[in-house]
Amino acid sequence: MIQFPEKIQVPVINHLTNEKYFLIPAKALEITPERIAEVVAICQQPDIYNNLFKEEFSNAPYSPKHARYWLERAQQGWNEGTHYVFCIVTKDNRLAASCELEGNRVEGVEIGYWASIEHSGIMSNAVLAILKLAKEAGFRSFMASALHHNLQSKSVLARCGFVEEPMKRDDSYDYFSLS
């Protein structure tokens, strides 16, 4: 059974700037118009939008409605124990990045993430912190995928110890695992 600590606020250091951030569960975020605007602004950034949403949204913009849904779904996952979205926030509680354990299987749970271009350098340490928490909570192995051209995401996975699974490669994605 997966069991995260009741209270999570893990310091995470940006390896480029040495700035301190905090890793918190998405359920700790209040859904406000300002928070929705933050999610929209980040998810509209070209690299994030093109890699994660462009195809799904048929080139339509990432909207406040999408952001509200994402925030509500993130909180619902924690409340129901179905998936676990973590947010990386600045000292003044501004959203910088997000990382999700996309299920509750202890073996082979998928991890996915995004980070604002304004906070480059935070993702590897955030993923390492989440992996540590996840292992302590009962997860044993992890999977991830990255678009062939997404070298930044593949670099994060390599720095975090994931190994590429060359037999699982398809037309769009490379696949990775960590035990």
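All of the numbers you see were taken from the coordinates with simple rules; none came from a lab. Computed from a prediction, not measured in an experiment: that's the story for all the values here. No Cβ is skipped: glycine too gets one built from the backbone with ideal geometry, and neighbour counts run over all protein chains shown.
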Unmet requirement for LEU101, which otherwise passes all of (1) touching a strand residue (DSSP E or B) at 6+ places or on another chain (Cβ under 9 Å); (2) surrounded by fewer than 18 Cβ atoms within 10 Å (Cβ to Cβ): (2)
Just to check your reading of the model, which residue among ALA67, ALA60, ALA37 is more than 28 Å from GLY138 (Cα to Cα) and without any contact (Cβ under 8 Å) to a residue 12 or more places away in the chain? ALA60
If the Cβ limit is 7 Å and pairs must be 6+ apart or interchain, which residue in region 134-161 that is over 14 Å from ILE111 (Cα atoms) pairs with which residue that is hydrophobic (A, V, I, L, M, F, W, C)? ALA137/ILE2; ALA137/PHE4; GLY138/MET1; GLY138/ILE2; GLY138/VAL106
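Looking at ILE88, ILE31, ILE36, which one is among the β-branched types (Val, Ile, Thr), touching a Leu at 6+ places or on another chain (Cβ under 8 Å) and part of a helix (DSSP H, G or I)?
Working: ILE88 fails: part of a helix (DSSP H, G or I); ILE31 fails: part of a helix (DSSP H, G or I).
Matching residue, one of ILE88, ILE31, ILE36: ILE36.
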Looking at the structure I just gave you, is MET167 in a helix (DSSP H, G or I), farther than 13 Å from ASN51 by Cβ and out of contact with any His (no Cβ under 8 Å at 6 or more places or on another chain)? yes
For the list (1) aliphatic (A, V, I, L, M); (2) closer than 23 Å to TYR49 by Cβ; (3) assigned to a loop (DSSP other than H, G, I, E, B), I need the number of the one condition that ALA74 fails. (3)
